[in-house]
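Chemist: Structure in structure tokens, see below.
Any read-out appearing in this document is the output of simple, stated calculations on the displayed coordinates, not a laboratory observation. Everything numeric here is computed off the predicted structure, so don't read it as measured data. Virtual Cβ from ideal backbone geometry, glycine too; neighbours counted across all protein chains shown.
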Amino acid sequence: MQVIAQHGEVLIILACAFGFFMAWGVGANDVANAMGTSVGSRAITIKQAIVIAVVFEFLGAWLAGGEVTNTIRKGIIDPDLLENDPHLLVYGMLAALLAAGTWLLMASLKGWPVSTTHSIVGAIVGFAVAGLGASTVDWGAVTAIAASWVVSPVLAGTVGFVLFKSVHMLIFDARDPFAAARRYVPFYMFLVGFIVAMVTMTKGLKHVGLHISFLQSLGLSAVAGLAVTGIGMLLERRVKYVHIREDQFGYANVEKVFGVLMLFTACAMAFAHGSNDVANAVGPLAAVINVVQSGGNIGEASVVPWWVLVLGGGGIVVGLVTYGHKVIATVGTRITELTPSRGFAATLAAAATVVLASGTGLPISTTHTLVGAVLGVGLARGMTALNLRVLGTIAMSWLITLPAGAGLAILFFFMFKGMFGA
């Protein structure tokens, strides 16, 4: 209690700085995943991707990012264990933010798409083991998160594979691919609107305290799907058939139609991502603010102040603008060659997997899901379409994310104990 009373303001300033740093990492690494398929397929330019992400990520983080956040992320440790030592929780959350942010910085410099959720989870496990002992960690929860390394990419890859095969069968193998695209793409537009609305409602709107039932979400998402279909069909009419001598089947014109789809997908996925993943940065930050302002009282939950969401949204935007291009390049161009139709199949597969996981309570990573979906789309064209060396590097970065976050958090935890006192 004495530490909090004596250094409360300094601890809050540090928490804000580290929270912004962590949000920068989310922007530099995770947002790039949502934009990677759109840029890699050349449906939009990297400048357009950054503008879309800046607007929709910030709106998602600010409008739908404020939930009553559990003081300890993901239920990894019991807050009651820290009731007599609230300053240890503050040190732990500061260490977790700084550790996860540092790992995301290192991964982004290398262009590795890693999970921000796993980074913060690993960091919290590290501080819990160091500060409270290994027996205080809920290893069942940690095991479930680790299992998602396999479940997420396999599930999304399977959906991506099936989706791309359906596009090929219905459109590219048709006698007139351009006419077939105009006939079937509205159906895919409905799917995009419906699934991304479900992502937002199941993973986003819970943050503002709107606990909509699953059936209500289905109904509202169907309306959103019809709205997207209507707007998309209007835009689709502007796509004129252009005869290209080298393109006897008219595939380039079909890809133009799918380019319209990718625009919707990029906007909606950015909003859904901002509303969900800003919690990785502002959750621990809100916990520190709550403990300090209450004089050391550890509650079950902490309300996220509006300005914290603006701080988190701002950090995400700065991260994307300054360093997002590296991970965008990895996901969009280095795993497999993407076109708008392939990028659409990958993004929709990732969104569908997130919805399925939300409904079943399966802990998954958006990053792993999207990379798995891109992998599935690549596999639909054969193993030779994949860059196995890049995939090996990505898999290695996933494996070391949890231990890297944990190791750095232990280091920073003892650093703060030394600075402010035990």
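Chemist: What's the ranking of 100-110, 167-177 by average number of surrounding C-beta atoms within 10 Å, highest first? All intermediate terms of the calculation are to be shown ahead of the outcome.
Modeler: Values: 100-110: 23.1, 167-177: 15.6.
The peptides rank, most packed first, as 100-110, 167-177.
Chemist: Same structure, new question: Could you work out how far apart the two model spin labels at M415 and A144 are, taking each label as a point 7 Å from the Cα in the direction of the beta carbon, and quote it in nm?
Modeler: Going from the M415 label point to the A144 one covers 3.2 nm.
Chemist: Also, I was wondering about something else. Going 7 Å from the Cα of R42 toward and past its Cβ, which residues in segment 332-354 have a backbone nitrogen under 20 Å from where you end up?
Modeler: Residues passing the 20 Å test: 332-347.
Chemist: Right, next: Would you mind putting 214-222, 42-50, 19-27, 365-373 in packing order, based on average other-beta-carbon counts within 10 Å, highest first?
Modeler: Packing proxy ranking, top to bottom: 365-373, 19-27, 42-50, 214-222.
Chemist: Would you mind pulling out the separation of the Cα centroids of segment 153-176 and segment 359-417, in Å?
Modeler: So the two Cα centres are separated by 24 Å.
Chemist: Of the listed values (1) 27, 59, 14, 0; (2) 21, 51, 25, 3, 0; (3) 28, 54, 16, 2, identify the label whose number matches P(r) over Cα pairs in 20 Å bins from 0, in percent calculated from this model.
Modeler: Among (1) 27, 59, 14, 0; (2) 21, 51, 25, 3, 0; (3) 28, 54, 16, 2, the one derived from this structure is (3).
Chemist: What stretch of the chain, leaving out the sites themselves, is the longest with no GluC sites (Glu not before Pro) in a DSSP loop having at most 13 other Cβ atoms within 10 Å?
Modeler: So the longest stretch without any such site is 84-245.
Chemist: A follow-up question, please. Using a Förster radius of 51 Å, what is the FRET efficiency between Q216 and D173 based on their Cβ-Cβ separation? Nearest 0.05, please.
Modeler: 0.85
Chemist: For n ≥ 4 DSSP H runs only, could you compute -39500 (n - 2.57) per run for the chain, divide by its residues and tell me the 222 nm figure to the nearest 500?
Modeler: Numbers: 14 runs with 304 residues, N = 422.
Only helices count here, giving -25000 deg cm²/dmol.
Chemist: Using only Cα atoms and rounding to the nearest 10 degrees, what angle (0 to 90) does helix 46-64 make with the longest principal axis of the chain?
Modeler: In the chain, helix 46-64 runs at an angle near 50 degrees to the longest axis.
Chemist: Here is a follow-up. Express in nm, to one decimal, how much length is gained between L109 and V321 on full extension, taking 0.36 nm for each residue of separation and deducting their alpha carbon distance.
Modeler: 74.9 nm
Chemist: Let me confirm the definition first: pairs of Lys residues in the chain, 8 or more apart or on different chains, C-alpha distance under 23 Å. How many are there?
Modeler: Working: K47/K110; K47/K256; K47/K326; K74/K203; K74/K206; K110/K326; K165/K256; K240/K256.
Pairs that pass both the separation and distance tests number 8.
Chemist: Tilt of helix 251-277 relative to the longest C-alpha principal axis of the chain, in degrees (0 to 90, nearest 10)?
Modeler: With both axes taken from Cα atoms, the answer is about 20 degrees.
Chemist: Against the longest alpha carbon principal axis of the chain, how many degrees, from 0 to 90 and to the nearest 10, is the axis of helix 306-329 turned?
Modeler: Rounded to the nearest ten degrees, it is 50.
Chemist: First measure r as the distance between the Cβ atoms of A227 and V55, then evaluate 1/(1 + (r/R0)^6) with R0 = 22 Å and state the FRET efficiency to the nearest 0.05.
Modeler: With a Förster radius of 22 Å, E is 0.70.
Chemist: Next question, about the same structure. Which listed residue (G232, A107, V374) has the Cα farthest towards the positive end of the charge dipole for segment 2-420, taking +1 on Lys and Arg C-beta and -1 on Asp and Glu C-beta about the Cα centre?
Modeler: G232
Chemist: OK, next. Counting pairs of alpha carbon atoms under 8 Å apart in space and at least six apart in sequence, what relative contact order in percent does the chain give?
Modeler: Once normalised by length, the contact order is 40 percent.
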